[in-house]
Amino acid sequence: MAEKKTNPLNEIIFNVVVPSIILMKMSSDDRLGSVGALLVALAFPVAFGGYELLKKKKFNFIAILGIVSVLLTGGIGVLKLDTQWLAVKEALIPGIIGAVVLGSTFTKYPIVTKMIFNEGILNLGLIKQKLMEFNQQKAFDRCLVQSNYLFASTFVFSSIMNYILATVIVTSPAGTEAFNEELGRMTLLSYPVIAIPSMLMMMGIFYFVWRQIRKMTKLETVQIFKTQ
């Protein structure tokens with residue numbers, strides 16, 4: 001049975017839009033207050049991430065890191081730590097994921113292989129047959145390694161951009177209304193500035209793998225991808 005995918009619209013609403021609105025509009029003392037608004041705003045991505053983990057009933061390293069990231073943000077705000085820690089945290093989470101992806105390159109199972117070269121997307125049996133027939137298996141293995149390096153680089157990009165965004169936008173002391181508003185603005189901007197470019201990079205990697213499969217196997221696109 002195919003795993004049910006997370007609805008991207010729900011992900012954006014609960015992780016980006018709702019928390020940002022609460023932080024920017026509800027942080028004044030006559031509403032939720034700076035701490036109250038921060039806790040309510042961060043409760044949405046934590047609840048959403050926890051719900052997704054429970055629904056899928058399987059360990060998801062990236063999802064757990066996302067929840068930890070949100071909890072760390074809350075800790076920085078409630079404990080009123082230096083905002084430099086927020087920038088470090090924002091850079092650290094994608095940096096850790098990138099390091100794991102890079103490390104997987106030196107194992108038998110690069111992470112990008114599981115993401116792209118799998119039964120749910122491609123006709124693996126036919127592709128492997130053609131790779132063997134044209135003696136291209138080793139060349140294709142090198143292609144997957146290159147893809148994994150490229151995939152790791154998307155997290156390096158995310159790490160750098162997260163740090164820059166946090167440093168430039170969040171400048172007010174943690175625990176204040178201004179800090180919450182800046183945090184909300186940063187959350188909103190992170191989607192077009194970081195998430196969309198990273199998604200485009202991932203699509204570029206997928207395109208690269210597809211082109212290599214076509215070149216090495218002489219198969220047409222309709223033969224490469226599963227239609228149902």
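Would you confirm whether any residue within the stretch 48-63 is at pLDDT 90 or above and either surrounded by 15 or more Cβ atoms within 10 Å (Cβ to Cβ) or outside any helix (DSSP H, G or I) (or both)? Checked against the condition, which is being at pLDDT 90 or above and either surrounded by 15 or more Cβ atoms within 10 Å (Cβ to Cβ) or outside any helix (DSSP H, G or I) (or both), the stretch 48-63 yields at least one hit. Note on the stretch 100-113: among residues that are assigned to a helix (DSSP H, G or I) and free of Cβ contacts under 8 Å to residues at least 40 places away in the same chain, the one that is nearest to TRP210 (Cα to Cα) is THR113. Of all residues assigned to the stretch 22-45, at least one qualifies as being out of contact with any helix residue (DSSP H, G or I) (no Cβ under 7 Å at 6 or more places or on another chain), closer than 22 Å to ARG185 by Cβ and of a type in the set (A, V, I, L, M).
From the list SER34, SER27, which residue is open to solvent by less than 30 Å² (accessible area, probe 1.4 Å) and assigned to a loop (DSSP other than H, G, I, E, B)?
SER27
Condition first: part of a helix (DSSP H, G or I) and open to solvent by 40 Å² or more (accessible area, probe 1.4 Å). Now tell me which residues in the stretch 155-177 satisfy that. Correct list: VAL156, PHE157, ILE160, MET161, TYR163, ILE164, THR167, VAL168, GLU177. Give the residues of the stretch 34-66 that are among the aliphatic types (A, V, I, L, M) and within 24 Å of VAL100 (Cα to Cα), sorted by residue number. Answer for the stretch 34-66, where residues must be among the aliphatic types (A, V, I, L, M) and within 24 Å of VAL100 (Cα to Cα): VAL46, LEU53, LEU54, ILE62, ALA63, ILE64, LEU65. Under 13 Å from PHE179 (Cβ atoms) and more than 19 Å from the chain's Cα centre (by Cα): is that true of LEU32 in this structure? In short, no. Among the residues that make up the stretch 195-207, is at least one of them within 13 Å of SER158 (Cβ to Cβ) and in contact (Cβ under 8 Å) with a residue 60 or more places away in the chain? No - not one qualifying residue is present in the stretch 195-207.
Quick check on the stretch 74-81. Is at least one of its residues out of contact with any His (no Cβ under 7 Å at 6 or more places or on another chain), closer than 26 Å to LYS215 by Cα and in a loop (DSSP other than H, G, I, E, B)? Among the residues of the stretch 74-81, not one is out of contact with any His (no Cβ under 7 Å at 6 or more places or on another chain), closer than 26 Å to LYS215 by Cα and in a loop (DSSP other than H, G, I, E, B), which makes the answer no. Close contacts from the stretch 117-136, counting a first residue that is under 20 Å from MET202 (Cβ atoms) and assigned to a loop (DSSP other than H, G, I, E, B) and a second that is small (Gly, Ala, Ser) and open to solvent by 80 Å² or more (accessible area, probe 1.4 Å), with Cβ to Cβ under 9 Å and a gap of 6+ residues or different chains, come to GLY120/ALA2. Looking at this structure, is LEU150 in a helix (DSSP H, G or I), over 18 Å from ALA87 (Cα atoms) and in contact with a helix residue (DSSP H, G or I) (Cβ under 7 Å, 6 or more places away or on another chain)? In short, yes. Counting the residues of the stretch 85-97 that are closer than 21 Å to PHE157 by Cβ and open to solvent by 30 Å² or more (accessible area, probe 1.4 Å) gives 5.
The values are calculated or read from the model by the stated rules, or taken from the named source; none is laboratory data. None of these values were measured; they are calculated from a predicted model. Here Cβ is always computed from backbone atoms with ideal geometry, including for glycine, and neighbour counts include all displayed protein chains. Each accessible area value is taken on the protein alone, full model and side chains, heavy atoms only, with ligands, DNA and RNA left out. Shrake-Rupley method; radii C 1.70, N 1.55, O 1.52, S 1.80 Å.
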